[in-house]
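These notes are about the structure you will find just below.
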Amino acid sequence: MAGMSTVRVLIVDDDPLVRAGLSMILSGDEEVSVVGQAGDGAEVPAAVARCRPDVVLMDIRMPGVDGLAATEALRRRPEAPEVLVLTTFDADEFVLRALRAGASGFLLKDTPPAQIRDAVLRVAQGEATLSPSVTRQLIAHVAAGTPPERNRAGDLLDRLSARERDVALAVAQGRSNAEIAGQLHMSVATVKAHVSRALTKLDLNNRVQVALLVHDAGLA
């Protein structure tokens, strides 16, 4: 996925006008190619097999199989595409569930076109897309967690080396690899290596899950 000249995108939304609008926004960018659309979560497995997307733009609320169930099923597959959740954010606990399932971030449906494009490219490169204003609301949900949940998260983070922990904390702050490199005085390649080792040690599959774990532990 990363390093490809064109990012292949599958749009999943039950509203044909939303699908058309997103397709128009993304098709005007030479770095992005819309390779397919689906109107229900039940259509996602076949659409992914047929279109081989790098990123799936996934609506949450759809008839039949919703975006949460579709994301959970998709991210369990080997070499699954990245998932970027689309939401009106009227039910943030649903977004939290999607992120825990392995979605790489989320977009509000009224996000400006340029930011949608940038989010797709960032997710395709393995970076999280977390809106600071929405992240604060998600953190509020996580902060309400029970002591056992906090203890479990803390125990998992104890698996990391001191430097990996520093990187994990920076990831939880929504910083990019380049920003983390500048903050911690290391190369971007070293940051990527630390992130990769942290994901392996924590048995997670993306940066968003690292951020949620750090928040669960009460460290951000």
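How many residues, within segment 74-90, are in a loop (DSSP other than H, G, I, E, B) and either over 18 Å from Val9 (Cβ atoms) or among the hydrophobic types (A, V, I, L, M, F, W, C) (or both)? Can you show your working first?
Of all residues in segment 74-90, those in a loop (DSSP other than H, G, I, E, B) come to 76-81, 88-90.
Still in the running and either over 18 Å from Val9 (Cβ atoms) or among the hydrophobic types (A, V, I, L, M, F, W, C) (or both): 76, 78, 80, 88-90.
Adding up the residues that qualify gives 6.
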Do we find a residue being among the hydrophobic types (A, V, I, L, M, F, W, C), touching a residue at least 12 places away in the same chain (Cβ under 8 Å) and in contact with a Phe, Trp or Tyr (Cβ under 9 Å, 6 or more places away or on another chain) anywhere in segment 15-29?
no
For segment 20-34, does any single residue satisfy the condition of being open to solvent by less than 10 Å² (accessible area, probe 1.4 Å) and closer than 16 Å to Lys109 by Cα?
yes
Which of the following residues is out of contact with any helix residue (DSSP H, G or I) (no Cβ under 6 Å at 6 or more places or on another chain) and surrounded by fewer than 20 Cβ atoms within 10 Å (Cβ to Cβ): Pro63, Pro113, Pro81, Pro53?
Pro63
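Would you say Phe106 is without any contact (Cβ under 8 Å) to a residue 40 or more places away in the chain and within 13 Å of the chain's Cα centre (by Cα)?
Working: without any contact (Cβ under 8 Å) to a residue 40 or more places away in the chain: yes; within 13 Å of the chain's Cα centre (by Cα): yes.
Here the answer is yes, as Phe106 does meet what is asked.
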Residues located in segment 201-220, provided they are open to solvent by 60 Å² or more (accessible area, probe 1.4 Å) and part of a helix (DSSP H, G or I)
Lys201
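Could you list, in sequence order, all residues of segment 166-186 that are within 20 Å of the chain's Cα centre (by Cα) and open to solvent by 30 Å² or more (accessible area, probe 1.4 Å)?
Leu169, Gln173, Gly174, Arg175, Ala178, Glu179
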May I ask you to verify whether Asp118 is in a helix (DSSP H, G or I) and in contact with a Ser or Thr (Cβ under 9 Å, 6 or more places away or on another chain)?
yes
Only one residue in Ala198, Ala153, Ala189 is at pLDDT 90 or above, open to solvent by less than 50 Å² (accessible area, probe 1.4 Å), farther than 30 Å from Ala20 by Cα and not in a loop (DSSP other than H, G, I, E, B), so which one is that?
Ala198
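The values are calculated or read from the model by the stated rules, or taken from the named source; none is laboratory data. Because the structure is a prediction, the values reported are computed rather than measured. For neighbour counting, all protein chains shown are included, and Cβ atoms are generated from backbone atoms with ideal geometry for every residue, glycine included. Just the protein is used for accessible areas: all its heavy atoms, side chains included, with ligands, DNA and RNA removed. Shrake-Rupley method; radii C 1.70, N 1.55, O 1.52, S 1.80 Å.
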